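A.B. asks: Pasting a structure here, questions to come.
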Amino acid sequence: MRLVITSDTHLPRRARDLPEALWRDVEAADAVIHAGDWCDLAAWEALRARARRLVAVYGNNDGPELRERLPEVARAVLGGVRFAVVHETGPAKGREARCAARFPDTDVLVFGHSHIPWDSTAPGGLRLLNPGSPTDRRRQPRHTYLTAEAGSGVLGEVRLRELP
């Protein structure tokens, strides 16, 4: 199963649209995961229309229209892998232990908020992924998102995609 993982798109504040490379990957993916901070209902509607399957949450910058449609925490089994999605996980220090305690029946936790790509594994095996942002790089050298493969209960290759 081909996955696209993104977050913090901040449309139309930081960009008018998502980068074309991200749209190409979305259209080729079996599922798209978005960890919040859409900022605009039209952004959610556009991604929902183009993704085969969308697993998504709202973020701290999302208003009532998005909060009515999206959960704070989403869960899905994709390729036999148990995913949870949330926007915020708190400070980096202690993140793995905190998230492993909060999501004990999860294989992969996708989160956003910081705009900083993150890929780590908690002592109990929980994989934590933050795709960064495809539109607002903040202190990062590039805009980013992730692609991944999942199948037979295993998360395969996870690739950080850097955008110009």
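The values are calculated or read from the model by the stated rules, or taken from the named source; none is laboratory data. These figures come from a predicted structure and were not determined experimentally. Neighbour counts are summed over all protein chains in view; Cβ atoms, including those assigned to glycine, are modelled from backbone coordinates with ideal geometry.
A.B. asks: Tally the residues that are of a type outside the set (D, E, K, R) and either under 14 Å from the mean Cα position of the chain (by Cα) or under 21 Å from Val77 (Cα atoms) (or both), restricting the search to region 37-48. Walk me through how you get there before you give the answer.
C.D. replies: Keep residues of region 37-48 that are of a type outside the set (D, E, K, R), which gives 38-39, 41-44, 46-47.
After this cut, where a residue has to be either under 14 Å from the mean Cα position of the chain (by Cα) or under 21 Å from Val77 (Cα atoms) (or both) as well, the list is 38, 44, 47.
Count: 3.
This table checks each residue for (1) over 17 Å from Leu155 (Cβ atoms); (2) at pLDDT below 95; (3) more than 15 Å from the chain's Cα centre (by Cα).
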position	(1), (2), (3)
Ala35	no, no, no
Ala56	yes, no, no
Gly63	yes, no, yes
Val77	no, no, no
Thr89	yes, no, no
Ala100	no, no, yes
Asp107	no, no, no
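A.B. asks: Within region 107-132, which residues are outside any strand (DSSP E or B) and either charged (D, E, K, R) or closer than 29 Å to Arg14 by Cβ (or both)?
C.D. replies: Asp107, Phe111, Gly112, His113, Ser114, His115, Ile116, Pro117, Pro131, Gly132 - these are the residues of region 107-132 that are outside any strand (DSSP E or B) and either charged (D, E, K, R) or closer than 29 Å to Arg14 by Cβ (or both).
A.B. asks: Another question about this same structure. The conditions are (1) out of contact with any Phe, Trp or Tyr (no Cβ under 7 Å at 6 or more places or on another chain); (2) farther than 25 Å from Glu20 by Cβ; (3) among the polar types (S, T, N, Q); (4) outside any strand (DSSP E or B), and Thr135 fails exactly one of them. Which is it?
C.D. replies: (2)
A.B. asks: Which of the residues belonging to region 42-91 are touching a strand residue (DSSP E or B) at 6+ places or on another chain (Cβ under 8 Å) and farther than 24 Å from Glu149 by Cα?
C.D. replies: Taking region 42-91 and keeping what is touching a strand residue (DSSP E or B) at 6+ places or on another chain (Cβ under 8 Å), we get 44, 47-48, 51-57, 70, 72-86, 89.
Within region 42-91, Leu70, Glu72 meet the criteria.
A.B. asks: Which residue is surrounded by the fewest Cβ atoms within 10 Å (Cβ to Cβ), if the candidates are limited to region 95-134 and must be farther than 19 Å from Leu54 by Cα and touching a residue at least 40 places away in the same chain (Cβ under 8 Å)?
C.D. replies: Per the stated criteria, the residue is Asp119.
A.B. asks: Determine the pairs where a residue that is in a loop (DSSP other than H, G, I, E, B), located within region 16-39, has a partner that is at pLDDT 95 or above and among the basic types (Lys, Arg) with Cβ atoms under 6 Å apart, the partner being 6 or more residues away or on another chain.
C.D. replies: Ala29/Arg2; Asp30/Arg2; Asp30/Arg52
A.B. asks: If I ask for residues that are in a loop (DSSP other than H, G, I, E, B) and either in contact (Cβ under 8 Å) with a residue 24 or more places away in the chain or among the small types (Gly, Ala, Ser) (or both), which ones from region 140-150 would you list? Show your work before the answer.
C.D. replies: Pass one, region 140-150, residues in a loop (DSSP other than H, G, I, E, B): 140-142.
Passing the criteria: only Gln140.
A.B. asks: Tally time: how many residues in region 113-132 are of a type outside the set (A, V, I, L, M) and out of contact with any strand residue (DSSP E or B) (no Cβ under 6 Å at 6 or more places or on another chain)?
C.D. replies: Going residue by residue through region 113-132, those that are of a type outside the set (A, V, I, L, M) are 113-115, 117-121, 123-125, 127, 130-132.
If we keep only those that are out of contact with any strand residue (DSSP E or B) (no Cβ under 6 Å at 6 or more places or on another chain) too, we end up with 113-115, 123-125.
So the count comes out to 6.
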